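Accompanying notes for the structure given below.
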Amino acid sequence: MAGGKGRIGFLINPIAGMGGPVGLKGTDGLAEEAIAMGARPRAMERARACLDLLSKERDAILFFTASGSMGESCLEECGLDYKVVYSALPVTSSRDTIRTCQAFLDEGVDLILFCGGDGTARDVAGIAGSTPILAIPAGVKMHSGVFAASPQAAADLVIRFLNGELNLRDTEIVDVDEELYRAGILQTKLYALAKTPYLPVLVAERKRIYSSDQEDEFKDQIALFASEFMRDGSAYIIGAGTTTSRIADILGLEKTLLGVDVVKDGRLMITDASEQDLLELLDRETRVMIIISPIGAQGFILGRGNQQLSAEVIRRVGIDKLIIISTPHKLAEIPYLLVDTGDEDLDESLAGKRQVVTGYRIAQMKDTLAASRL
């Protein structure tokens, strides 16, 4: 900022995103269960990818943060100038996030930069008031409009904001009921409005759900086509969403609406699969395909809400074995498809024009971009 260093409040939710690869669809209240299932922390990696870029501006930014894994450790590793303003408990909770944000406000920060998911966004927005906030995406579900498209995009936005190049916009903070979410019911609620630095492309739009008779007709057409090509003897890993679930309906199967399932020869092999389930499947099956659908308005096909489809799973299946499906309306609403697996080399390999099935034996070509390159 003009006249001195930019003052950034920075915090990490250390458990954010841990539930995704193990199929929990969220980590709120389930960190111990996620760890017991083999989940590993990923928020620090996502935060570091952002801070590594911000380290180029180290002389222009002073960070305020919480102790240990809530921010201090990561800032120390990246060699950034910081001040600890809150001592977090060894096992952190939303209370620590809220108290840290209050300390940020007391320090008069210009921006709160946090790494987490929708639950963290709720906590931050609830205390931030008129102070702008921006999120490094690290959660399982990220429906709110404060999330940068990638950790790299978050760094770009911070620099542009501090240079006075960006306007602020009001955006919605929404979250889902995680118990209903795990039961396959997507019910979102608006919790707050927040101000965030905005630049089209770099900030993800709030997730949108499309519903109409015409949409249903296209979903039926896509599902009918899928039911035909799925007779080839391959095991099909089917991602989350209403479009993919219509395939299961056509086959007479009960799919996990918000999870990842595996179908072979018209039978359900695995329900609500975790990353480990899929890796074990790949040890047994030689012919495996993946069917996925983009998130409405955002365009992400990998890295949001389907972290079970990890970089390792995708590499072992093969990038040429991805089948993308979408209704024409949803596809027209997004300028391109996005991938954010956490593996930048893989994301680059996935980039380019990809075919999207939009009806019965009908497809369109759509540009696919690595979110880290936006």
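The values are calculated or read from the model by the stated rules, or taken from the named source; none is laboratory data. These numbers were taken from a predicted model, which means no experiment stands behind them. In this analysis, Cβ positions are derived from the backbone assuming ideal geometry, glycine residues included, and neighbour counts consider all displayed protein chains. Remember, those area values only see protein heavy atoms, side chains included, never the ligands or the DNA or RNA. Shrake-Rupley method; radii C 1.70, N 1.55, O 1.52, S 1.80 Å.
See the values below:
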read-out: Chain lengthening between R231 and S349 when straightened (0.36 nm per residue, less Cα-Cα); value: 39.7 nm
read-out: Label point distance in nm, D249-A332, each placed 7 Å from Cα along Cα→Cβ; value: 2.1
read-out: Rounded to 5, the percent of DSSP beta bridges in the chain classed as antiparallel; value: 40
read-out: Ordering of 6-16, 252-262 by burial proxy (mean other Cβ atoms within 10 Å per residue, highest first); value: 6-16, 252-262
read-out: Relative contact order, percent, the chain [alpha-carbon distance under 8 Å, six or more residues apart]; value: 15
read-out: Difference of contour (0.36 nm per residue) and Cα-Cα distance, L168 to A363; value: 66.4 nm
read-out: Within the chain: Cβ-based charge dipole about Cα centre, in debye rounded to nearest 20 (Lys, Arg +1; Asp, Glu -1); value: 460
read-out: Ranked order, M365, M230, M44 - accessible area, probe 1.4 Å, largest first; value: M365, M44, M230
read-out: Listed residues D220, D106, D156, most fluctuating in the chain (Gaussian network, C-alpha, under 10 Å); value: D106
read-out: At q = 0.16 Å⁻¹, base-10 log of I(q)/I(0) for region 259-355 (Debye sum, equal scatterers on each alpha carbon); value: -0.68
read-out: Carbon and sulfur %, accessible surface of the chain computed with the full protein complex present, 1.4 Å; value: 47
read-out: For peptides 84-91, 321-328, 96-103, sequence by mean Cβ density within 10 Å, most packed first; value: 321-328, 96-103, 84-91
read-out: Amide H partners (placed H, <5 Å) of L337, local residues excluded; value: D367, T368, L369
read-out: Region 267-374 - accessible surface per residue (Å², probe 1.4 Å); value: 41
read-out: Rounded to 10°, Cα long-axis angle of helix 43-54 versus longest principal axis of the chain; value: 60
read-out: Sequence ranges 129-135, 159-165, 65-71, 282-288, ranked by mean other-Cβ count within 10 angstrom, highest first; value: 65-71, 129-135, 159-165, 282-288
read-out: Amide H contacts under 5 Å for F64, placed H, 5+ residues apart; value: I8, G9, F10, K83
read-out: Too-long pairs where the Cα-Cα distance tops 29 Å, listed order kept, from K219/K321; K56/K321; K219/K366; K219/K264; value: K56/K321
read-out: Note, ³J(HN,Hα) from phi for region 235-252, Karplus 6.51, -1.76, 1.60, rounded to Hz, x at Gly and Pro; value: 8, 10, 7, 10, x, 7, x, 6, 5, 5, 5, 5, 4, 4, 4, 4, 7, x
read-out: Region 298-305 - phi-based ³J(HN,Hα) in whole Hz, Karplus 6.51/-1.76/1.60, Gly and Pro as x; value: 8, x, 5, 9, 9, x, 9, x
